[in-house]
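The values are calculated or read from the model by the stated rules, or taken from the named source; none is laboratory data. Every value quoted in this text rests on a predicted model; they were computed, and no experiment measured them. As a convention, Cβ positions derive from the backbone with ideal geometry for all residues, glycine included, and neighbour counts pool all protein chains shown. For accessibility, only protein heavy atoms count, side chains too; no ligands or nucleic acids. Shrake-Rupley method; radii C 1.70, N 1.55, O 1.52, S 1.80 Å.
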Amino acid sequence: MIIAQMMNPYSIEQIRALESKVNSYETWVFVLVFFVSVLALIVIMQRLTISKLKSNDPSKVKFYQKQIKEKPEKESNNPETSIADVNTITQTPIKTNSIVKSKELPDPGLIYKYVIHGDPAEKIITIGQKEGTIKTFSTEVIDHHLTIMIRSLDTSRDQDIYNLPELITEKYVLDFRREGKVLIVIPGSSEVREMGARERILIQENVDEAGDPNFISLDPKTPVRFRIGDRLTQDGKFRSGYFEFHLYTKDVEGKTKSGIKIIEKQFFLRLFKIYPGYDTANQTADGLFPMVDPFAKV
(Lines give C-alpha, C1' and ligand atoms only; values in the text may rest on other atoms or scores of the structure.)
Protein backbone atom coordinates (compact mmCIF):
# COMPACT_ATOMS: atom_id res chain seq x y z
CA MET A 1 0.00 0.00 0.00
CA ILE A 2 2.70 2.38 1.01
CA ILE A 3 4.67 1.47 -2.12
CA ALA A 4 1.52 1.96 -4.38
CA GLN A 5 0.81 5.39 -2.92
CA MET A 6 4.40 6.44 -3.48
CA MET A 7 4.21 5.34 -7.14
CA ASN A 8 0.78 7.11 -7.81
CA PRO A 9 0.26 10.03 -5.42
CA TYR A 10 -3.18 11.01 -7.00
CA SER A 11 -6.26 9.01 -6.41
CA ILE A 12 -8.78 8.09 -9.01
CA GLU A 13 -11.23 10.71 -7.77
CA GLN A 14 -8.60 13.42 -8.00
CA ILE A 15 -7.70 12.42 -11.56
CA ARG A 16 -11.37 12.57 -12.60
CA ALA A 17 -11.73 16.00 -10.99
CA LEU A 18 -8.68 17.25 -12.88
CA GLU A 19 -10.06 15.89 -16.18
CA SER A 20 -13.39 17.68 -15.62
CA LYS A 21 -11.58 20.94 -14.89
CA VAL A 22 -9.50 20.56 -18.05
CA ASN A 23 -12.63 19.93 -20.10
CA SER A 24 -14.31 23.03 -18.64
CA TYR A 25 -11.19 25.11 -19.39
CA GLU A 26 -11.22 23.91 -23.01
CA THR A 27 -14.88 24.87 -23.33
CA TRP A 28 -14.25 28.36 -21.96
CA VAL A 29 -11.26 28.81 -24.25
CA PHE A 30 -13.39 27.82 -27.25
CA VAL A 31 -16.14 30.23 -26.25
CA LEU A 32 -13.64 33.06 -25.78
CA VAL A 33 -12.01 32.35 -29.15
CA PHE A 34 -15.46 32.37 -30.78
CA PHE A 35 -16.40 35.73 -29.21
CA VAL A 36 -13.07 37.23 -30.18
CA SER A 37 -13.58 36.07 -33.78
CA VAL A 38 -17.07 37.58 -33.88
CA LEU A 39 -15.82 40.87 -32.47
CA ALA A 40 -12.97 40.96 -35.01
CA LEU A 41 -15.46 40.33 -37.83
CA ILE A 42 -17.71 43.14 -36.58
CA VAL A 43 -14.76 45.53 -36.45
CA ILE A 44 -13.72 44.59 -40.00
CA MET A 45 -17.29 45.13 -41.32
CA GLN A 46 -17.49 48.50 -39.59
CA ARG A 47 -14.20 49.60 -41.12
CA LEU A 48 -15.41 48.55 -44.60
CA THR A 49 -18.68 50.45 -44.13
CA ILE A 50 -16.89 53.59 -42.97
CA SER A 51 -14.46 53.49 -45.89
CA LYS A 52 -17.35 53.07 -48.34
CA LEU A 53 -19.18 56.05 -46.88
CA LYS A 54 -16.04 58.13 -47.11
CA SER A 55 -15.64 57.26 -50.78
CA ASN A 56 -19.23 58.44 -51.48
CA ASP A 57 -18.76 61.77 -49.72
CA PRO A 58 -17.38 64.25 -52.27
CA SER A 59 -16.03 66.47 -49.54
CA LYS A 60 -13.76 63.63 -48.36
CA VAL A 61 -12.46 62.62 -51.77
CA LYS A 62 -8.97 63.66 -52.69
CA PHE A 63 -8.17 64.64 -56.26
CA TYR A 64 -4.89 64.94 -58.02
CA GLN A 65 -4.74 68.47 -59.31
CA LYS A 66 -3.12 69.15 -62.65
CA GLN A 67 -2.34 72.59 -63.90
CA ILE A 68 -4.11 73.56 -67.14
CA LYS A 69 -2.38 75.92 -69.48
CA GLU A 70 -4.41 79.00 -70.28
CA LYS A 71 -5.13 79.80 -73.93
CA PRO A 72 -3.70 82.95 -75.40
CA GLU A 73 -5.94 85.99 -75.25
CA LYS A 74 -6.24 86.12 -79.04
CA GLU A 75 -7.94 82.73 -79.15
CA SER A 76 -10.18 83.31 -76.11
CA ASN A 77 -11.34 86.70 -77.35
CA ASN A 78 -12.31 85.46 -80.81
CA PRO A 79 -16.10 86.11 -81.07
CA GLU A 80 -16.64 83.46 -83.73
CA THR A 81 -15.13 80.63 -81.66
CA SER A 82 -16.53 81.64 -78.26
CA ILE A 83 -19.50 79.72 -76.88
CA ALA A 84 -22.63 81.68 -76.02
CA ASP A 85 -23.59 81.84 -72.35
CA VAL A 86 -26.85 79.89 -71.99
CA ASN A 87 -27.42 81.17 -68.44
CA THR A 88 -28.02 84.75 -69.55
CA ILE A 89 -31.30 86.06 -70.89
CA THR A 90 -29.90 88.22 -73.67
CA GLN A 91 -27.22 86.81 -75.91
CA THR A 92 -25.22 88.18 -78.79
CA PRO A 93 -26.55 86.69 -82.05
CA ILE A 94 -24.22 84.23 -83.72
CA LYS A 95 -22.81 85.48 -87.01
CA THR A 96 -23.89 83.50 -90.08
CA ASN A 97 -23.46 83.85 -93.82
CA SER A 98 -27.22 83.61 -94.51
CA ILE A 99 -27.71 87.40 -94.56
CA VAL A 100 -28.00 88.54 -98.15
CA LYS A 101 -26.22 91.69 -99.18
CA SER A 102 -27.82 94.21 -101.50
CA LYS A 103 -25.20 93.58 -104.16
CA GLU A 104 -26.35 89.95 -104.37
CA LEU A 105 -29.90 90.92 -105.41
CA PRO A 106 -30.91 90.33 -109.05
CA ASP A 107 -30.90 93.41 -111.27
CA PRO A 108 -33.32 94.26 -114.10
CA GLY A 109 -31.87 93.25 -117.44
CA LEU A 110 -30.39 89.99 -116.14
CA ILE A 111 -30.84 87.18 -118.73
CA TYR A 112 -30.83 83.44 -118.01
CA LYS A 113 -30.06 81.07 -120.90
CA TYR A 114 -31.29 77.45 -121.09
CA VAL A 115 -30.31 74.82 -123.66
CA ILE A 116 -32.41 71.67 -123.83
CA HIS A 117 -30.14 68.63 -124.25
CA GLY A 118 -29.60 65.22 -122.72
CA ASP A 119 -31.95 62.48 -121.59
CA PRO A 120 -34.50 63.48 -120.47
CA ALA A 121 -34.41 66.57 -122.67
CA GLU A 122 -36.02 69.02 -120.26
CA LYS A 123 -35.27 71.95 -118.00
CA ILE A 124 -37.06 73.07 -114.85
CA ILE A 125 -36.83 76.74 -113.87
CA THR A 126 -38.12 77.80 -110.47
CA ILE A 127 -38.54 81.40 -109.33
CA GLY A 128 -38.73 81.70 -105.55
CA GLN A 129 -37.85 83.68 -102.48
CA LYS A 130 -34.87 81.82 -100.99
CA GLU A 131 -35.09 78.61 -103.01
CA GLY A 132 -35.15 77.83 -106.70
CA THR A 133 -33.21 78.50 -109.87
CA ILE A 134 -33.79 82.25 -109.50
CA LYS A 135 -33.84 83.64 -105.94
CA THR A 136 -35.41 87.06 -105.45
CA PHE A 137 -35.01 87.47 -101.64
CA SER A 138 -38.17 89.58 -101.75
CA THR A 139 -41.07 89.72 -99.30
CA GLU A 140 -43.44 89.84 -102.30
CA VAL A 141 -42.39 86.38 -103.52
CA ILE A 142 -42.75 82.93 -101.97
CA ASP A 143 -40.70 79.80 -102.64
CA HIS A 144 -41.81 77.93 -105.79
CA HIS A 145 -43.77 81.02 -106.77
CA LEU A 146 -43.53 80.16 -110.48
CA THR A 147 -42.19 76.99 -112.09
CA ILE A 148 -41.46 76.72 -115.82
CA MET A 149 -40.78 73.27 -117.25
CA ILE A 150 -39.43 73.11 -120.82
CA ARG A 151 -39.59 69.71 -122.46
CA SER A 152 -38.45 68.65 -125.92
CA LEU A 153 -40.84 66.38 -127.86
CA ASP A 154 -39.41 63.30 -129.57
CA THR A 155 -40.39 63.61 -133.25
CA SER A 156 -38.31 60.68 -134.51
CA ARG A 157 -41.22 58.23 -134.12
CA ASP A 158 -43.25 60.07 -136.78
CA GLN A 159 -40.43 60.00 -139.34
CA ASP A 160 -40.06 57.45 -142.12
CA ILE A 161 -36.51 56.10 -142.09
CA TYR A 162 -36.72 55.59 -145.87
CA ASN A 163 -37.93 59.14 -146.51
CA LEU A 164 -36.10 61.39 -144.08
CA PRO A 165 -36.66 65.17 -144.39
CA GLU A 166 -33.92 67.59 -145.28
CA LEU A 167 -34.67 69.75 -142.26
CA ILE A 168 -35.96 68.82 -138.78
CA THR A 169 -37.56 71.43 -136.53
CA GLU A 170 -37.68 70.54 -132.85
CA LYS A 171 -40.96 70.78 -130.93
CA TYR A 172 -41.30 71.80 -127.29
CA VAL A 173 -43.88 71.84 -124.53
CA LEU A 174 -43.81 74.63 -121.93
CA ASP A 175 -45.61 73.88 -118.66
CA PHE A 176 -46.28 76.77 -116.25
CA ARG A 177 -47.21 76.12 -112.62
CA ARG A 178 -47.65 78.61 -109.82
CA GLU A 179 -47.79 78.65 -106.03
CA GLY A 180 -48.21 82.43 -105.67
CA LYS A 181 -49.98 85.18 -107.60
CA VAL A 182 -48.92 85.45 -111.27
CA LEU A 183 -50.16 87.68 -114.10
CA ILE A 184 -49.47 86.45 -117.65
CA VAL A 185 -49.55 87.93 -121.16
CA ILE A 186 -49.49 85.49 -124.11
CA PRO A 187 -47.83 86.59 -127.40
CA GLY A 188 -50.34 88.11 -129.80
CA SER A 189 -52.57 89.27 -126.94
CA SER A 190 -52.60 92.50 -124.95
CA GLU A 191 -54.74 91.06 -122.14
CA VAL A 192 -53.07 90.97 -118.75
CA ARG A 193 -54.83 88.20 -116.81
CA GLU A 194 -54.24 86.12 -113.73
CA MET A 195 -52.59 82.83 -114.60
CA GLY A 196 -54.28 79.57 -113.65
CA ALA A 197 -52.75 77.01 -111.34
CA ARG A 198 -51.33 75.22 -114.40
CA GLU A 199 -51.08 76.28 -118.04
CA ARG A 200 -49.03 75.26 -121.04
CA ILE A 201 -48.12 76.34 -124.54
CA LEU A 202 -46.53 74.46 -127.44
CA ILE A 203 -43.63 75.52 -129.68
CA GLN A 204 -44.54 73.90 -133.00
CA GLU A 205 -46.01 74.71 -136.41
CA ASN A 206 -49.11 72.52 -136.22
CA VAL A 207 -52.19 73.52 -134.23
CA ASP A 208 -52.59 71.57 -131.01
CA GLU A 209 -55.57 69.22 -130.98
CA ALA A 210 -56.19 69.85 -127.26
CA GLY A 211 -56.55 73.58 -127.90
CA ASP A 212 -53.44 74.77 -126.06
CA PRO A 213 -51.78 77.87 -127.58
CA ASN A 214 -48.98 77.07 -130.03
CA PHE A 215 -46.27 79.27 -131.55
CA ILE A 216 -43.53 78.62 -134.07
CA SER A 217 -41.14 80.58 -131.84
CA LEU A 218 -41.18 83.20 -129.12
CA ASP A 219 -39.85 86.50 -130.43
CA PRO A 220 -37.96 88.74 -127.96
CA LYS A 221 -40.28 91.62 -128.96
CA THR A 222 -43.41 89.58 -128.20
CA PRO A 223 -42.38 87.18 -125.43
CA VAL A 224 -44.43 85.41 -122.81
CA ARG A 225 -44.63 87.95 -119.99
CA PHE A 226 -44.97 87.02 -116.34
CA ARG A 227 -45.58 89.37 -113.43
CA ILE A 228 -45.22 87.83 -109.97
CA GLY A 229 -46.06 89.44 -106.66
CA ASP A 230 -48.01 89.10 -103.44
CA ARG A 231 -51.50 90.65 -103.31
CA LEU A 232 -53.75 91.86 -106.13
CA THR A 233 -56.12 94.80 -106.01
CA GLN A 234 -59.70 94.68 -107.27
CA ASP A 235 -58.63 95.95 -110.69
CA GLY A 236 -56.07 93.12 -111.07
CA LYS A 237 -52.88 94.98 -110.20
CA PHE A 238 -50.28 94.15 -107.59
CA ARG A 239 -50.68 96.22 -104.46
CA SER A 240 -47.05 96.59 -103.34
CA GLY A 241 -44.97 95.70 -106.37
CA TYR A 242 -43.95 92.92 -108.74
CA PHE A 243 -41.21 91.25 -110.76
CA GLU A 244 -41.68 91.02 -114.54
CA PHE A 245 -39.98 88.22 -116.51
CA HIS A 246 -39.93 87.74 -120.31
CA LEU A 247 -39.57 84.29 -121.88
CA TYR A 248 -38.42 84.03 -125.50
CA THR A 249 -36.48 81.72 -127.84
CA LYS A 250 -33.69 81.80 -130.38
CA ASP A 251 -33.23 79.39 -133.29
CA VAL A 252 -29.96 77.49 -133.53
CA GLU A 253 -29.03 75.29 -136.50
CA GLY A 254 -27.25 71.99 -136.05
CA LYS A 255 -26.95 68.49 -137.47
CA THR A 256 -28.09 65.10 -136.28
CA LYS A 257 -25.86 62.02 -136.17
CA SER A 258 -27.09 61.08 -139.63
CA GLY A 259 -26.13 64.49 -141.02
CA ILE A 260 -29.62 65.99 -141.29
CA LYS A 261 -30.01 69.69 -140.51
CA ILE A 262 -31.96 70.43 -137.37
CA ILE A 263 -33.29 73.65 -135.89
CA GLU A 264 -33.27 73.69 -132.12
CA LYS A 265 -34.45 76.33 -129.67
CA GLN A 266 -32.47 78.09 -127.00
CA PHE A 267 -34.64 79.57 -124.27
CA PHE A 268 -34.01 82.86 -122.52
CA LEU A 269 -35.65 84.23 -119.38
CA ARG A 270 -35.07 87.93 -118.83
CA LEU A 271 -35.74 89.86 -115.64
CA PHE A 272 -37.34 92.83 -117.36
CA LYS A 273 -38.51 94.96 -114.44
CA ILE A 274 -38.63 95.19 -110.65
CA TYR A 275 -41.36 97.63 -109.69
CA PRO A 276 -41.00 99.88 -107.79
CA GLY A 277 -37.69 98.39 -106.55
CA TYR A 278 -35.99 96.90 -103.51
CA ASP A 279 -36.04 98.83 -100.25
CA THR A 280 -32.47 97.96 -99.27
CA ALA A 281 -32.59 100.19 -96.20
CA ASN A 282 -35.25 98.06 -94.46
CA GLN A 283 -33.98 94.49 -94.65
CA THR A 284 -35.93 92.09 -92.44
CA ALA A 285 -34.46 89.81 -89.78
CA ASP A 286 -34.80 86.89 -92.22
CA GLY A 287 -32.59 88.63 -94.74
CA LEU A 288 -35.45 89.60 -97.09
CA PHE A 289 -36.11 92.94 -98.74
CA PRO A 290 -39.49 94.66 -99.09
CA MET A 291 -40.49 96.90 -101.95
CA VAL A 292 -40.03 100.64 -101.85
CA ASP A 293 -43.19 102.54 -101.00
CA PRO A 294 -43.74 104.80 -104.04
CA PHE A 295 -45.90 107.15 -101.99
CA ALA A 296 -43.53 107.48 -99.05
CA LYS A 297 -42.22 110.96 -98.33
CA VAL A 298 -38.47 111.33 -98.75
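Over 27 Å apart at the Cα level, from the set Lys123/Lys273; Lys101/Lys237; Lys103/Lys265; Lys135/Lys265, are Lys101/Lys237; Lys103/Lys265.
Rolled with a 1.4 Å probe across the full set of protein chains, the surface gives Glu122 an accessible area near 70 Å².
With every protein chain in place and a 1.4 angstrom probe, the accessible-area ranking of Arg227, Arg177, largest first, reads Arg177, Arg227.
On the principal axes of its alpha-carbon atoms, the stretch 186-298 has extents of 64, 30, 25 Å, going from largest to smallest. Of His144, His246, His117, the residue with the largest accessible area leads and the full order is His117, His144, His246 (1.4 Å probe). Summing charges over all other residues whose Cβ lies under 15 Å from the Cβ of Asn214, with Lys and Arg as +1 and Asp and Glu as -1, gives -4.
Neighbours of Gly241 by Cβ distance under 15 Å: Lys/Arg scored +1, Asp/Glu scored -1, total +1. Solvent-accessible area of Ser190, all protein chains in place: 110 Å² (probe radius 1.4 Å, heavy atoms, ligands and nucleic acids excluded).
Rank these residues by their accessible area, most exposed first, probe 1.4 Å: Val22, Val141.
Heavy-atom accessible area, descending, gives Val22, Val141.
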